[in-house]
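Only one structure is covered here, and it is reproduced in the block below.
No value in this document is a laboratory result; all are computed from the given coordinates. These numbers come from a predicted model, not from an experiment.
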Amino acid sequence: MVEFRLADGTRFAPRNYGQKYHGPTRVREALASSFNVPAVYLIEKLGVHRFYDLLNRLGFGFLDKDAHHYGLSLSLGSAEVTLLELVNAYRVFATNGLFDEIHTVRAMYDRHDEQITLPAPTAQRIFSVEVAHLITDMLSDNVARFKSFNIDNALRLPFTCAVKTGTSKDYRDNWCVGYTTKYAVGVWVGNFSGAPMQGVSGISGAAPLFRSVMLELHRGIDPGIFRCPATLVHRQICARSGKIAGSGCTNLIEETFIAGNEPMETCDWHDPVMKKHKDITGKDRKDGLSKREIMIVSPQNGDIYKVDPQVSEESQRIRFRIVATEEIQAVFMRMDGKPLSTQRYPFEYFWPPCPGEHILEVMDDSDHACNSYVKFAVN
């Protein structure tokens, strides 16, 4: 559990929606999966007043209390806003960081049916083009939502769409806001009386409606992708540490950065696990593991594998890699609750991919007392 101490001495312990603490998490996953703890941590580091001022610049007019009144809970939506304000704020990312006021009148005419010239809307830059695109890229990354919403969810559309959901405490209401290159849409679900609903969240309440609206708006239209600014750079990093991938890293991803903000250090998180030396039996022993311990090196929790229909199944088999202390002579693998294989050193197995979400369990074959498991998906 992560705990913060407020200015008045009160202890504040935020929890994620799924009641799980995920440990070190990349910003992309934290935002796309709607994790609460990283959001509170970020606002605590930035300062509530800075975030409060940003919300005012984004046109939220119902912040009728000062920043101190809301505190860190402001990052979790403790202030009331209108759906129109929320949609217009998210539209800033779609317009490359520019904000303008809501305009509900498109044209005006005098009594002689002459069109009245309306003042041109003035746009204010809130975010740089690079920052706006990074947020858009994260919100449109369906893979990054996996930990909270799984791979098949209502936010997965047949075209590029950046989208975010929210659920209030006690399921009082929920919302879903998103945008493509052509439209910005917001959906609110709740009781007008304010009475809580029965377990209806943003992904199960507002998201399916949002999906239906977006599909209708883009019927016969391909909105295209969000163009990446040339000023952004791409680097291959360790998915766990966020540092430049090292020789011991097994889960590598490509991440996008603003030039000058990309990581410079090479990942050293996995060296203790992968470092080897020979013991008296001639086997490779893995340092960093306690007595009778098993660790699944690959796949890692949350991994997603894509099956290419043009490539043979044999060449796409997924390699399960296990490390274990020398006391363990064999490991027993179980897939989705069913026995899969028993393997002796070097504890590897090549599995033919099967579409869907899976749980791989690996345990000590001698007594099944020492075990490890990961969740991954194939699509």
- Query: Short version: ³J(HN,Hα) in whole Hz for each residue of the stretch 23-28, in order, from phi by Karplus 6.51 cos²θ - 1.76 cosθ + 1.60 (θ = phi - 60°), x for Gly and Pro, what are they?
  - Reply: x, x, 9, 5, 4, 4
- Message: I need the Kirkwood Rh of the chain: take the reciprocal of the average 1/r across all distinct C-alpha pairs and report it in angstrom.
- Response: 24.0 Å
- Item | Max mean-square fluctuation residue, GNM over the chain, Cα-Cα springs under 10 Å, options 311, 131, 187 | 311
- Message: Give the aspartates and glutamates whose C-alpha is closer than 14 Å to that of residue 169, dropping any in the same chain fewer than 8 places away, or say none.
- Response: 80
- Select from 94, 195, 154 the residue whose mean-square fluctuation is largest in a Gaussian network model of the chain (Cα-Cα springs shorter than 10 Å). 195
- Query: Do the alpha carbons of any pairs in 45/147; 164/338; 306/338; 243/338 sit beyond 27 Å of each other, and which pairs?
  - Reply: 164/338; 243/338
- Query: If the cut-off is a Cα-Cα distance under 17 Å, which aspartates and glutamates reach residue 375, setting aside same-chain residues fewer than 8 apart in sequence?
  - Reply: 29, 152, 303, 336, 357, 361
- Message: Could you identify which residue out of 125, 111, 15 has the top mean-square fluctuation in a GNM of the chain using Cα springs shorter than 10 Å?
- Response: 111
- Helix 36-46 axis, angle to the chain major axis (alpha carbon atoms, nearest 10°): 70 degrees
- Item | residue 99 long-range amide H proximity, modeled H, under 5 Å | 124, 125, 126
